[in-house]
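**Q** Would you mind keeping the following structure in view while I ask a few things?
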Amino acid sequence: MNNLMRRAQNVQLWRKYCVKQYTTEAASASLSRGKPNYDEFIGGRQVQAQRSIVVQVSSEKSYSELYNYCSRFGSIVGAHHYCVRHDDDLHYILLEYSTVNEAAAAIDSGAANGDLSGVPVRSPFLWFKAAPGRRGPKLAANTNNNNNNNSQLPLSDLLSVDGTRQLDQASLLSQLRGAASIEQQVQLLHEHTQLNDLGVRMRFLAALQVQQAISGMFPAAQAHPFGSSVNGFGRMGCDLDLILRFDGETGLRKESDGEPPSRLIYHTKENLSNGRSQTQRHMECFGDMLHLFLPGVCHVRRILQARVPIIKYHHEHLNLEVDLSMSNLSGFYMSELLYMFGEIDPRVRPLTFSIRRWAQACGLTNPSPGRWISNFSLTCLVMYFLQQLRQPLLPTIGALVKAAEAKDVRVTEDGINCTFGRDLERVGFQSRNTSSLSELLLQFFEFYSQFDFHNRAISLNEGRQLAKPDHSAMYIVNPLEQLLNVSKNVSLEECERLRIEVRNAAWILESEVENSTLPESERQDEAWGLLNLFKHPEKAVIRPNMFFKPRMVEVSDLFEEKQQQQSTTGLASDGGATASPPVAYKNVSVRQQVQSIKAATRTELKQLRESSSAAAAPSPSPSSKNRRSR
Ligand code: GTP
Ligand code: MG
């Protein structure tokens, strides 16, 4: 409980703190409107990373000593502790200085030491060597006057302790059980599982480390995080997608103010091979460099034959999986689109989190790539659903493109046009949709229960369905490369499973919405609402043809309590009572199952009426449902 309270206080602190950061940085006028746009968000976080260092310590108790030692380099404005759990717990403290130069001074003070083997490398990852026999002085207020205007926080405590620990499953379930409504469950799930501030900081430090490692030779190189780490759809522990560019081509790098372009141009080494094999060759070389020299980088794998070649590695000081690419900037801009969608309406992210969680729980998604739907494609399904509502919650990408100005033009090296309006005020989209999150969730499942995946493709650009251009099982037009299908990998069987699972989910949720008036005491003990969507599939699934199969609930279950009553009152089971009392269900779970059956039967009958020719969808075999490890 103390932990939770501490966490909540930290969140409060963070909110205040982040507001200060963004305003003091004053990166652009639009910050004063409240929400940073994607470039400002990325730029702000990159600068924040440059002001930060990560120091390995023996435990969080080393903080005061570290604080006093590191204050000599500048003013420390924030500190976070986290653990990486191996056989032993490894402890780290992320310190943030008020300026980039102060952090650089701390890093430059680093020394090589015989206690550590390997070549010393200048990087933001350091180790705080114990001073034998000497205890650090007590934590003092920061008196450093290194001409900074930012030293608002004479820190008396760490802003987070064990700050990357995820809420364990039991506590999460208990939180969700204790919610007041399905609406609140969706919000809580989002709140407790989204990537937190420290997680974002750590990911930007991983990017900075790569960038700094090569900056001597490649001064224009930039390593940009993209994907769920930055688009607002990431959960705690999500991987880091990183793109390394040598040309500052992302549009994020600003020209120096008013200075004319230099007339002195760097010589280059002529490239003889074609673009793709050259990228592969470069990546091989970088893979070796990361593997051999970069502190924390381990388990380097090169996947160079993929459509987008990547280097995968694990960062042991950050406990992070990284996918590093050097081509395909469109993925980076796609993250910007998703970021904007998440910013447009506060319901978008919580809703998507619940849907992603549901898909994970019923085995539709899987962290490894394969014939199943990816989180990214699933997110596209959610975005499209929100666009096509009678009262849309999101604009089409076409509308964003129309709102583009000259400064929004982005064309990648391979000619992919990623131009769209980045200024949401200029886009001017206002939704009149007032649906609650639980209504939207149900509508999502109902919408895709009916969707004709067989013949129709989904276009987020136009916000409507199109005739399917080929025989892929699922077709989602790639928003930035409209000749490609984002979900090309999805097999017919997986698409069919999705259709069945969305139908099951609709049935379950429909009855959960009906049940949402259950007394609070019953809710605490039972899985209800969203939790029934996340149950193990074999328990949760209601198959389309179940009406003709043995029932899920034994009728005797319904009356067990009544019979017990009768036997305790001495009545014979066929006591011949004429007035039958209202059915007393054995427990909430039985009542929910009965209501699920009713809802399923209603839908089944409706469908039978609507299309007598429609064949019942085949039910998945239990073996196919459970065949993947999660
Ligand atoms: P998780 O890693 O599962 O948390 O989600 P993610 O959104 O990070 O997905 P993933 O790591 O698979 O992809 C990273 C990012 O690359 C996505 O967020 C998209 O921005 C982008 N991306 C992935 N697939 C495609 C694609 O087919 N086309 C385009 N244009 N971008 C893509
Ligand atoms: Mg990712």
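The values are calculated or read from the model by the stated rules, or taken from the named source; none is laboratory data. Here the structure is a predicted model, which is why all the values come from computation and not from measurement. Glycine also receives a Cβ, built like all others from the backbone with ideal geometry; neighbour counts cover every protein chain displayed. These accessible areas exclude ligands, DNA and RNA; they are computed on the full protein's heavy atoms, side chains included. Shrake-Rupley method; radii C 1.70, N 1.55, O 1.52, S 1.80 Å.
Residues are listed down the side, and each one gets a yes or a no for (1) within 16 Å of ligand 2 (Cβ to nearest atom); (2) in contact with a Pro (Cβ under 7 Å, 6 or more places away or on another chain); (3) open to solvent by 20 Å² or more (accessible area, probe 1.4 Å); (4) at pLDDT 95 or above:
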| residue | (1), (2), (3), (4) |
| --- | --- |
| ARG201 | no, no, no, yes |
| LEU205 | no, yes, no, yes |
| LEU208 | no, yes, no, yes |
| ALA221 | no, no, no, no |
| GLY232 | yes, no, yes, yes |
| PRO261 | no, no, yes, no |
| ILE265 | no, no, yes, no |
| LYS269 | no, no, yes, no |
| ASN274 | no, no, yes, no |
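**Q** Which of the residues that make up region 361-386 are open to solvent by 10 Å² or more (accessible area, probe 1.4 Å) and outside any loop (DSSP other than H, G, I, E, B)?
**A** Within region 361-386, ALA361, ASN375, PHE376 meet the criteria.
**Q** Among the residues of region 323-351, write down those that are part of a helix (DSSP H, G or I) and either within 10 Å of ligand 1 (Cβ to nearest atom) or over 20 Å from SER435 (Cβ atoms) (or both). Let's see the steps before the verdict.
**A** Going through region 323-351, the residues part of a helix (DSSP H, G or I) turn out to be 330-344, 348-351.
Across region 323-351, the qualifying residues are SER330, GLY331, PHE332, TYR333, MET334, SER335, GLU336, LEU337, LEU338, TYR339, MET340.
**Q** OK, next. Scan SER459, SER431 and give me the residue that is in contact with a strand residue (DSSP E or B) (Cβ under 9 Å, 6 or more places away or on another chain) and of a type in the set (Gly, Ala, Ser).
**A** SER459
**Q** Exactly one of these conditions fails for ALA467: (1) open to solvent by less than 20 Å² (accessible area, probe 1.4 Å); (2) in contact with a strand residue (DSSP E or B) (Cβ under 8 Å, 6 or more places away or on another chain). Give me its number.
**A** Against the list (1) open to solvent by less than 20 Å² (accessible area, probe 1.4 Å); (2) in contact with a strand residue (DSSP E or B) (Cβ under 8 Å, 6 or more places away or on another chain), ALA467 comes up short only on (1).
**Q** Quick one: in region 134-193, of everything that is among the charged types (D, E, K, R) and over 30 Å from VAL57 (Cα atoms), which residue is modelled with the lowest pLDDT?
**A** ARG177
**Q** Within the bounds of region 237-255, is there any residue that is within 24 Å of GLY529 (Cα to Cα), in contact with a helix residue (DSSP H, G or I) (Cβ under 9 Å, 6 or more places away or on another chain), at pLDDT below 95 and not hydrophobic (A, V, I, L, M, F, W, C)? Outline the logic, then answer.
**A** The initial filter retains those residues of region 237-255 that are within 24 Å of GLY529 (Cα to Cα), namely none.
No, region 237-255 has no match at all.
**Q** Among the listed residues SER459, SER377, which satisfies the condition of being over 20 Å from ALA359 (Cβ atoms) and either of a type in the set (S, T, N, Q) or within 25 Å of the chain's Cα centre (by Cα) (or both)?
**A** SER459
**Q** Report the residue count in region 401-433 for those that are outside any loop (DSSP other than H, G, I, E, B) and among the aliphatic types (A, V, I, L, M).
**A** 5
**Q** Let me ask something else. Select, from PHE226, PHE233, PHE218, the only residue that is more than 16 Å from ligand 1 (Cβ to nearest atom) and closer than 28 Å to TYR38 by Cα.
**A** Only one candidate passes the filter, namely PHE218.
**Q** Collect the residues in region 319-365 that are polar (S, T, N, Q) and either under 29 Å from GLY398 (Cα atoms) or touching an Asp or Glu at 6+ places or on another chain (Cβ under 8 Å) (or both), keeping them in residue-number order.
**A** If the condition is that a residue be polar (S, T, N, Q) and either under 29 Å from GLY398 (Cα atoms) or touching an Asp or Glu at 6+ places or on another chain (Cβ under 8 Å) (or both), then SER325, SER327, ASN328, SER330, SER335, THR352, SER354, THR365 are the ones that fit.
**Q** Here's a follow-up. Taking only region 308-322 into account, find how many residues are assigned to a loop (DSSP other than H, G, I, E, B) and within 14 Å of ligand 2 (Cβ to nearest atom). Working first, answer last.
**A** Of all residues in region 308-322, those assigned to a loop (DSSP other than H, G, I, E, B) come to 308-309, 316-319.
Filter again for within 14 Å of ligand 2 (Cβ to nearest atom), leaving 308.
Counting residues in region 308-322 that are assigned to a loop (DSSP other than H, G, I, E, B) and within 14 Å of ligand 2 (Cβ to nearest atom) gives 1.
**Q** Quick one: which of ARG432, ARG410 is away from ligand 1 (no atom under 15 Å from the Cβ) and open to solvent by 10 Å² or more (accessible area, probe 1.4 Å)?
**A** ARG432
**Q** Only one of (1) modelled with pLDDT of 95 or more; (2) closer than 30 Å to HIS282 by Cβ fails for MET326. Which number is that?
**A** Only one criterion in (1) modelled with pLDDT of 95 or more; (2) closer than 30 Å to HIS282 by Cβ is unmet by MET326, namely (1).
**Q** Here is a check on your reading of the model: is ARG356 touching a residue at least 60 places away in the same chain (Cβ under 8 Å), of a type in the set (Lys, Arg) and closer than 20 Å to GLN450 by Cα?
**A** Criteria met by ARG356.
**Q** Condition first: in contact (Cβ under 8 Å) with a residue 12 or more places away in the chain and either among the aromatic types (Phe, Trp, Tyr) or farther than 29 Å from GLY421 by Cβ (or both). Now tell me which residues in region 469-492 satisfy that.
**A** Within region 469-492, ASP470, SER472, ALA473, TYR475, ASN489, VAL490, SER491, LEU492 meet the criteria.
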